[in-house]
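Chemist: Quick one: structure below, then a few questions.
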Amino acid sequence: MAQRSTTAALTASAGAGTRQAAPAVRRHHLHRAAPATGAAAVRRPGGAGTAVALTVRLLRRGTAAIALAAAVYVAIEGITFRVAYPEASDRATLLAWSRNQSIRLISGPGAGVDTVGGFTVWDAGWMIELVVAAWAITTTARVLRADERTGRHDPVLAQPLRPVQLLGAQLGVLLGACVLIGLAAAAAFVAVGGQLTGSVLMGGLLAGFAGTAVLLTAVTSQLFGSRGGAAGVAAAVIGIALPLRVASNSAPSRAWLGWLTPFGWTDHLAPFGANRVAVLAVPLGVVVVLGALAVRLRLRRDTGAGLLVRRRADRSRRWGLSSPVALATRTGLGSLLAWAGALVVWLGMFGSLVPTVTGFLDQDPSYQQLLSAMGMAPGDYVRGFVGMVGTIAGVAVAVQVAFRVGAARAEEAAGRLDLLLAGPLPRWRWLAGHVVVLVVGAVGLVAVAGAAFWVGATSAGADVTAPDAVVSALNPLPVVLLFAGIDVLLLGVAPRLVVPVGTGVAVAAYLLQTLGPLLKWPEWVLNLSPFHHLATVPIADVAWPAAWVMTGIAVALAAAGAAALWRRDLVGA
């Protein structure tokens, strides 16, 4: 009995102690009540505002760079027009040349070609649109698909924010970036002397073109579960749209095809000519339809997955896993083949224009003087044009090299490099694999570009030999290697700047060599461009001393980049 009484007393005492301690636990700062839900939760910071702020932070540098690039491109075309066609007679010759059927296939019918604004749209409008589309596709695929796949959307979605609201916030920022790019281009058109109405219309069309590419990629990002799949399909659609515009310009009866391609909207808008404002309703309608489709598809899929799922998993592929070179080949082969295909089409079209361009040069003394100032030997316009196209191909390959080094940076940002380095693989061997593939790919690309130009020229009946075409394409290879060394150095010291700085330096060096002689800049300024030290191949022999010096500098820069990579910490995105 006493024992039961003692036990009961101890139990009661313990219970009382528990009841007395409970309030103290609730008062502790680590055990506060859960925050209120409903209306109180809406007042919490975060949600759509956080999504907008994060997306702006991701896009601000890239948007500023592409807006500046579009404005600079317009300014360059304006300067070229002022220098090449100062007199009314020169512009009349240009207007007659723009009606050539071969030129119409690529540049379109043109509107107001004898004005600075119309000339810029006719000569470079499709190129500016292509560059903006590339930015829109890669950026949208990164923001919508890559960040979701890697889990960066999870902290944002942990807030009171639905996935479709996150998509809306991101698309709003992306479309705002497109508007800023259009405004920058419109301001540049006005600055070079373009008509205000035409400038505003062209800026609006460029914004609509970029918005179309953004929303197209938004749709593919819902369909495919990987960044590569979303961007690849969107790029393929834009790639098909370009030859569709060529088909629409091949005959008046096919002009209706231009409504089906974003590149053809420029021809129907006719900025600096007819100025058909109503045409802007087409890109606006396409943006609305694609945006609604992207939202509808987002509501039907799970986060992290795409709507199109493979029913059967592919067998694991062992090829490309035996060495760093093999692995770099495996990861970069698809991109390399895509660049090769684009260069084949591009250089083939340039080659087919050789008879037309040389015929125009024979009739236009002012343009002859312009090309002579740019380094082309007078009297040998066929071979001079071959050399110019070879240099342009070198610029394109230099841009590809920057993206290839950027792919190595992407491995580091995604955390895949950590897995590789966890084994018996030093950093320098991993980097060497990428560099070897990069160099071999660059040589292959310039050779393919030269061969494609020769095929296009001979098919058009031009007197261009295969050695001249291939050697002219190989001539800027030392410059490409020099830019590759700069890219590797950036990978070691500032990895986030590899693609923007690498591509920007290559394009800026080419523009310096192109515009410097026209503007009569000092020789020491022109010497800053590596292209200035190249010989005018195939008219002249290769400048071997300059080639070897640039190659040596490239090796030194790459070695410095490898040393910097060895010493620094791995960083994420």
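Chemist: Conditions: (1) surrounded by fewer than 17 Cβ atoms within 10 Å (Cβ to Cβ); (2) touching a residue at least 12 places away in the same chain (Cβ under 8 Å); (3) hydrophobic (A, V, I, L, M, F, W, C); (4) assigned to a loop (DSSP other than H, G, I, E, B). Residue 462 meets all but one. Number of the miss?
Modeler: (1)
Chemist: OK, next. For the range 437-451, name all the residues that are surrounded by 24 or more Cβ atoms within 10 Å (Cβ to Cβ) and more than 22 Å from the chain's Cα centre (by Cα).
Modeler: 450
Chemist: Another question, then. Would you be able to say whether some residue in the range 202-218 is under 24 Å from the mean Cα position of the chain (by Cα), farther than 21 Å from residue 289 by Cβ and among the aromatic types (Phe, Trp, Tyr)?
Modeler: Initially, the range 202-218 is screened for residues under 24 Å from the mean Cα position of the chain (by Cα), giving 202-218.
Still in the running and farther than 21 Å from residue 289 by Cβ: 202-203.
From what is left, the residues that are among the aromatic types (Phe, Trp, Tyr) are none.
No - not one qualifying residue is present in the range 202-218.
Chemist: Shifting gears a bit: Looking only at the range 124-145, count every residue that is of a type in the set (Gly, Ala, Ser) and closer than 24 Å to residue 410 by Cα and tell me the total.
Modeler: Within the range 124-145, the first condition is being of a type in the set (Gly, Ala, Ser), and the residues that meet it are 124-125, 133-134, 136, 141.
Right, trim to closer than 24 Å to residue 410 by Cα and you get 133-134, 136, 141.
Within the range 124-145, residues that are of a type in the set (Gly, Ala, Ser) and closer than 24 Å to residue 410 by Cα number 4.
Chemist: Separate question: How many residues, within the range 279-294, are crowded, with 16+ Cβ neighbours inside 10 Å and over 25 Å from the mean Cα position of the chain (by Cα)?
Modeler: At the first step, the residues of the range 279-294 found to be crowded, with 16+ Cβ neighbours inside 10 Å are 279-280, 282-283, 286-287, 290-291, 294.
Among the residues that remain, those that are also over 25 Å from the mean Cα position of the chain (by Cα) are: 279.
The qualifying residues number 1.
Chemist: Pairs under 9 Å by beta carbon, first residue touching a residue at least 60 places away in the same chain (Cβ under 8 Å) in the range 291-308, partner of a type in the set (Lys, Arg), six or more apart or different chains?
Modeler: 304/149; 306/145; 307/300; 307/301
Chemist: One residue is enough: does the range 346-362 have a residue meeting the conditions at pLDDT below 75, buried (at least 18 other Cβ atoms within 10 Å of the Cβ) and over 22 Å from the mean Cα position of the chain (by Cα)? Walk me through how you get there before you give the answer.
Modeler: Step one: filter the range 346-362 for residues at pLDDT below 75, giving 360-362.
Checking the rest, the ones that are also buried (at least 18 other Cβ atoms within 10 Å of the Cβ) come to 360-361.
With the extra rule that they be over 22 Å from the mean Cα position of the chain (by Cα), the set shrinks to 360-361.
Yes, the range 346-362 contains at least one residue that is at pLDDT below 75, buried (at least 18 other Cβ atoms within 10 Å of the Cβ) and over 22 Å from the mean Cα position of the chain (by Cα).
Chemist: Also, quick follow-up: Residue 112 is checked against (1) in a helix (DSSP H, G or I); (2) in contact (Cβ under 8 Å) with a residue 12 or more places away in the chain; (3) over 30 Å from residue 234 (Cβ atoms) and fails just one. What number does that condition carry?
Modeler: Answer for residue 112: the failing condition is (1).
Chemist: In addition: Somewhere in the range 89-109, is a residue under 19 Å from residue 211 (Cβ atoms) and in a helix (DSSP H, G or I)? Working first, answer last.
Modeler: Let us first name the residues in the range 89-109 that are under 19 Å from residue 211 (Cβ atoms), namely none.
Looking for residues that are under 19 Å from residue 211 (Cβ atoms) and in a helix (DSSP H, G or I), one finds none in the range 89-109, hence no.
Chemist: Just to check your reading of the model, which residue among 260, 206, 196 is closer than 26 Å to residue 109 by Cβ and either without any contact (Cβ under 8 Å) to a residue 12 or more places away in the chain or outside the structural domain of residue 275 (by TED's automatic domain parsing) (or both)? Walk me through how you get there before you give the answer.
Modeler: Working: 260 fails: either without any contact (Cβ under 8 Å) to a residue 12 or more places away in the chain or outside the structural domain of residue 275 (by TED's automatic domain parsing) (or both); 206 fails: either without any contact (Cβ under 8 Å) to a residue 12 or more places away in the chain or outside the structural domain of residue 275 (by TED's automatic domain parsing) (or both).
Just a single option satisfies the conditions, and that option is 196.
Chemist: Provide a single number: the residues in the range 532-556 that are of a type in the set (Ser, Thr, Tyr) and either in contact with a Lys or Arg (Cβ under 7 Å, 6 or more places away or on another chain) or crowded, with 18+ Cβ neighbours inside 10 Å (or both).
Modeler: Filtering the range 532-556 for residues of a type in the set (Ser, Thr, Tyr) gives 536, 551.
Pick out the ones that are also either in contact with a Lys or Arg (Cβ under 7 Å, 6 or more places away or on another chain) or crowded, with 18+ Cβ neighbours inside 10 Å (or both) and you get 536.
Qualifying residue count for the region: 1.
Chemist: Take the range 503-542 and flag every residue that is modelled with pLDDT of 85 or more and either of a type in the set (Phe, Trp, Tyr) or touching a strand residue (DSSP E or B) at 6+ places or on another chain (Cβ under 8 Å) (or both).
Modeler: Within the range 503-542, 510, 524, 531 qualify.
Chemist: A further question on this structure: Just checking, how many residues over the range 119-176 are closer than 17 Å to residue 224 by Cα and surrounded by fewer than 18 Cβ atoms within 10 Å (Cβ to Cβ)?
Modeler: Matching residues across the range 119-176 total 4.
The values are calculated or read from the model by the stated rules, or taken from the named source; none is laboratory data. All of these numbers come straight from a predicted model, not from anything done at the bench. Glycine also receives a Cβ, built like all others from the backbone with ideal geometry; neighbour counts cover every protein chain displayed.
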